[in-house]
Amino acid sequence: KAGVTQTPRYLIKTRGQQVTLSCSPISGHRSVSWYQQTPGQGLQFLFEYFSETQRNKGNFPGRFSGRQFSNSRSEMNVSTLELGDSALYLCASSLVGTGAAEQFFGPGTRLTVL
Amino acid sequence: AQSVTQLDSHVSVSEGTPVLLRCNYSSSYSPSLFWYVQHPNKGLQLLLKYTSAATLVKGINGFEAEFKKSETSFHLTKPSAHMSDAAEYFCVVRGEYNFNKFYFGSGTKLNVKP
């Protein structure tokens, strides 16, 4: 079974631009979560989607948004980029319905904002 | 509110000596607990998980963890460190009321000296 894939792996943008990151979960996984990881703040939860609906949301400004498609693939968008948005963005998928199911992580997208 | 506390931000051991990474959690019931490892510039990989079966859980690469409810702890151990174990380790608890939310510790960076 293929793992979680994220594209692109690396991105360089300038302040004020917007960016879209993509995540394809493991086949059959319907829950997709996004995390931001920085050296200063560690791993922070952005949001979680299930069946095209956002069910959980972290404490991030409205510039951060996401969506999920009917095939469970997910995208996240960051508008009006700031220098502080430079981070590793991780996507994780899990099998919903079993209380013990763990999350499987993709390799991440490294975003650099100049 | 649920939380996870990793008691050491950095741990340094010599190759061949035991590893102990400490984790305490807060939860009013018997939670699902996980340990993940992250090598530099990589995604997170599941080491092991506790799901209310045996309290001593064996994972990959010789790691194991013991769930102690009375101490609300889930410490990660390995009898003999290898250079390839150098990485960052995260302790994670699954949401008590929201199974699709995961709470991450701040991480412990393990350094292995030759």
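Coordinate-derived values only; no laboratory data. Because the structure is predicted, anything quoted here is derived from the model rather than measured. When we count neighbours, we look across all protein chains shown, and the Cβ atoms used for this are built from the backbone with ideal geometry, even at glycine.
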| said: Let me confirm something: among B:46, B:56, B:76, B:33, which residue is more than 9 Å from the chain's Cα centre (by Cα) and either touching a residue at least 12 places away in the same chain (Cβ under 8 Å) or buried (at least 21 other Cβ atoms within 10 Å of the Cβ) (or both)? | reply: B:46
| said: Cβ contacts < 8 Å: first residue more than 16 Å from residue A:43 (Cβ to Cβ), restricted to region B:1-26; second residue surrounded by fewer than 17 Cβ atoms within 10 Å (Cβ to Cβ) and of a type in the set (Lys, Arg), any location; separation 6+ or different chain. Result? | reply: B:10/B:109; B:11/B:109; B:12/B:113; B:13/B:113; B:14/B:113; B:15/B:113
| request: Go through region B:48-92 and tell me which strands (runs of 3 or more DSSP E), entirely inside it, have 1 or more residues that are β-branched (Val, Ile, Thr), within 14 Å of another protein chain (Cβ to nearest Cβ) and farther than 13 Å from residue B:27 by Cβ. | output: B:56-58
| request: Tally the residues that are surrounded by fewer than 16 Cβ atoms within 10 Å (Cβ to Cβ) and hydrophobic (A, V, I, L, M, F, W, C), restricting the search to region B:79-114. | output: 1
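Here's the yes/no breakdown for (1) out of contact with any Leu (no Cβ under 6 Å at 6 or more places or on another chain); (2) acidic (Asp, Glu); (3) on the phi > 0 side of the Ramachandran plot; (4) without any contact (Cβ under 8 Å) to a residue 40 or more places away in the chain:
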residue	(1), (2), (3), (4)
A:18	yes, no, no, no
A:22	yes, no, no, no
A:42	yes, no, yes, yes
A:52	yes, yes, yes, yes
A:109	no, no, no, no
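Working carefully through the options A:84, A:106, find the one that is more than 14 Å from every other protein chain (Cβ to nearest Cβ) and either in contact with a strand residue (DSSP E or B) (Cβ under 9 Å, 6 or more places away or on another chain) or buried (at least 20 other Cβ atoms within 10 Å of the Cβ) (or both). Talk me through it step by step, then tell me what you get.
Numbers: A:106 fails: more than 14 Å from every other protein chain (Cβ to nearest Cβ).
Going through A:84, A:106 in turn, the sole match is A:84.
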| Which condition number in (1) under 20 Å from residue A:79 (Cα atoms); (2) of a type outside the set (A, V, I, L, M, F, W, C); (3) within 15 Å of the chain's Cα centre (by Cα) is the one that residue A:5 fails? | (1)
| request: State whether one or more residues within region A:57-76 are within 9 Å of another protein chain (Cβ to nearest Cβ), part of a strand (DSSP E or B), touching a residue at least 12 places away in the same chain (Cβ under 8 Å) and surrounded by 15 or more Cβ atoms within 10 Å (Cβ to Cβ). | output: no
| message | Looking at region A:80-93, can you tell me whether even one residue there is free of Cβ contacts under 8 Å to residues at least 24 places away in the same chain and part of a strand (DSSP E or B)? | response | no
